[in-house]
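The values are calculated or read from the model by the stated rules, or taken from the named source; none is laboratory data. Because the structure is a prediction, the values reported are computed rather than measured. So basically every Cβ, Gly included, is an ideal-geometry build from the backbone, and we count neighbours across all protein chains shown. Just so you know, the surface numbers come from the protein's heavy atoms only, side chains and all, with ligands and any DNA or RNA stripped out. Shrake-Rupley method; radii C 1.70, N 1.55, O 1.52, S 1.80 Å.
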Amino acid sequence: MPRLLPTLTAIVIGSVSFLAHPACPYDTNCINNPYGAGSPYKADGINNPYSQYGSPYSNKSANNPYATDAPKLYDSNGNYRGRLSTNPYDPDSTSNPYGRYGSPYSPDSINNPYGAGNPYNTDPIWVVPQ
């Protein structure tokens, strides 16, 4: 898996929860577990380069640097946290260092260790595909 968001505590795609905290490599729902949710063979996984959510060519992929319909992120309170995307030009992308959701200084960004991206925060972050 490409290093997407090291400070997330949980990720959900659809209705399945995926823990993304580095301490969960043995949890079957963890995207850090290559034999569970983090498997590159999972049919709808973000680590599968042939799935619509992991392909570098799909407009719905977190790994397409030109995607405009990447999965959305929400915290456990329902607050929108941007799009899980490698597109550095999308204003909602978590990879846009100047955007509200990608800046390391924005309180709404999961890249801000003192804001929404606090590594000690136990609230999960949910990934919702389009």
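Side notes on the structure shown:
- Residue order for Thr28, Thr86, Thr122 - accessible surface, 1.4 angstrom probe, largest first: Thr122, Thr28, Thr86
- Across segment 32-74, Cα pairs under 8 Å and at least six residues apart give a relative contact order of 20 percent.
- Compared with the direct C-alpha span, the chain from Asn118 to Asn59 gains 18.4 nm at full extension, assuming 0.36 nm per residue.
- The loop-placed trypsin sites (Lys or Arg not before Pro) in segment 56-103, going by DSSP, that have at most 16 neighbouring Cβ atoms within 10 Å of their Cβ come out as Arg100.
- Electrostatic bookkeeping for Pro107 treats Lys and Arg as +1 and Asp and Glu as -1; over the other residues with beta carbon under 15 Å from its beta carbon, the sum is -1.
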